[in-house]
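Student: Just dropping this structure here.
The values are calculated or read from the model by the stated rules, or taken from the named source; none is laboratory data. Worth saying up front: this structure is predicted, and the values here are computed from it rather than measured. Cβ: placed from backbone, ideal geometry, glycine included. Neighbour counts: every protein chain shown.
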Amino acid sequence: MVHKHLKNRSKIDSDDGDGKQKDPRLLIVDDHKIVSDSIGFTLETSADFKVVGRAVNGREAMSMAERLKPDIVLMDVSMPDMNGIEATRQMVGDNPHLKVVALTMHSAKPYVMGMLNAGASGYILKTSPFEEVVNGLRVVLSGTVYLSPEITHLVVEYAKNKEWEVVDSLSLLTNRERQVLQMISEGHTSKEIARRMNISAKTVDVHRNNIKKKLDIHTIAGLTKFAITKGLTDLADIQ
């Protein structure tokens, strides 16, 4: 009965030319295939979402979003190569109308505020029941922000303390520098980073030096600690 109820309410207010409402086009981004496959299957069969693609990291998600034109993206936060925060920042920057909802195990402030500041319209914990995921997606598609109840206090505290007025050191870095920092913290060499980003190793070293100067952090250990505290990477992704 729950699934039938979900199916009747998941359409968006547009049609395909013959008066019929379209299923929302959904892109799922998660580096665990079993997660993206199970969520995608359930959303398609029980809630009438159309899964147009599945990406395993932020870089692939950016390419797929540009090609597939989803209405909404269900985005994991902690992923190797390019995390969900950086991917969201660039995707929403390129297309302000795109809706992004985080679906993650992380409830700590750096991850929550990192995603929201990057442009996400929702943040749902993976411990949430399926009905909450569907409801969160619908709320965001309607133009409203959705937050799992467990993390709303972080947002209230953030606003109350007016932390947005403080310059975040992470904002000193360019998009490319944040990507390089993530991969440095994950243990990749300059050659490996160059290959993944399709740039020269010399350019990677320039970014590396700029990062150290801007952050005033001059050791790999220090950069790794900074990346973890800012939600750019996770201990599980470090080689």
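Student: Of the residues 97, 106, which is more than 27 Å from residue 196 (Cα to Cα), modelled with pLDDT under 95 and not charged (D, E, K, R)?
Tutor: 97
Student: How many of the residues making up region 31-52 are assigned to a loop (DSSP other than H, G, I, E, B) and within 24 Å of residue 87 (Cα to Cα)?
Tutor: Residues in region 31-52 being assigned to a loop (DSSP other than H, G, I, E, B) and within 24 Å of residue 87 (Cα to Cα): 3 in total.
Student: Residues of region 57-112 being closer than 16 Å to residue 147 by Cβ and of a type in the set (Ser, Thr, Tyr), which ones?
Tutor: 88, 104, 107, 111
Student: Give the residues of region 186-202 that are within 15 Å of residue 176 (Cβ to Cβ) and either in a loop (DSSP other than H, G, I, E, B) or more than 26 Å from the chain's Cα centre (by Cα) (or both), sorted by residue number.
Tutor: Those that are within 15 Å of residue 176 (Cβ to Cβ) and either in a loop (DSSP other than H, G, I, E, B) or more than 26 Å from the chain's Cα centre (by Cα) (or both): 188, 198, 199, 200, 201, 202.
Student: Take the residues in region 105-137 that are in contact with a Lys or Arg (Cβ under 6 Å, 6 or more places away or on another chain) and over 21 Å from residue 173 (Cβ atoms); name whichever of them is surrounded by the most Cβ atoms within 10 Å (Cβ to Cβ).
Tutor: Going through the qualifying residues, I end up with 121.
Student: Please go through region 203-239 and pick out each residue that is more than 21 Å from the chain's Cα centre (by Cα), outside any helix (DSSP H, G or I) and surrounded by fewer than 14 Cβ atoms within 10 Å (Cβ to Cβ).
Tutor: Result: 216, 218, 219, 239.
Student: Something else now. Which one is farthest from residue 73 (Cα to Cα) among residues in region 34-49 that are of a type in the set (Gly, Ala, Ser) and touching a Phe, Trp or Tyr at 6+ places or on another chain (Cβ under 9 Å)?
Tutor: In this case the residue turns out to be 46.
Student: Now for a separate question. Would you point out the residue of region 1-57, among those that are at pLDDT 90 or above and of a type in the set (Lys, Arg), that is farthest from the chain's Cα centre (by Cα)?
Tutor: My answer is 50.
Student: Still on this structure, I have one more. Can you work out which of the residues in region 54-91 that are part of a loop (DSSP other than H, G, I, E, B) and without any contact (Cβ under 8 Å) to a residue 60 or more places away in the chain is surrounded by the fewest Cβ atoms within 10 Å (Cβ to Cβ)?
Tutor: Ranking the candidates gives 69 first.
Student: When the residues of region 138-177 are filtered to those that are among the polar types (S, T, N, Q) and modelled with pLDDT under 85, which remaining residue is surrounded by the fewest Cβ atoms within 10 Å (Cβ to Cβ)?
Tutor: Taking the candidates together, the pick is 171.
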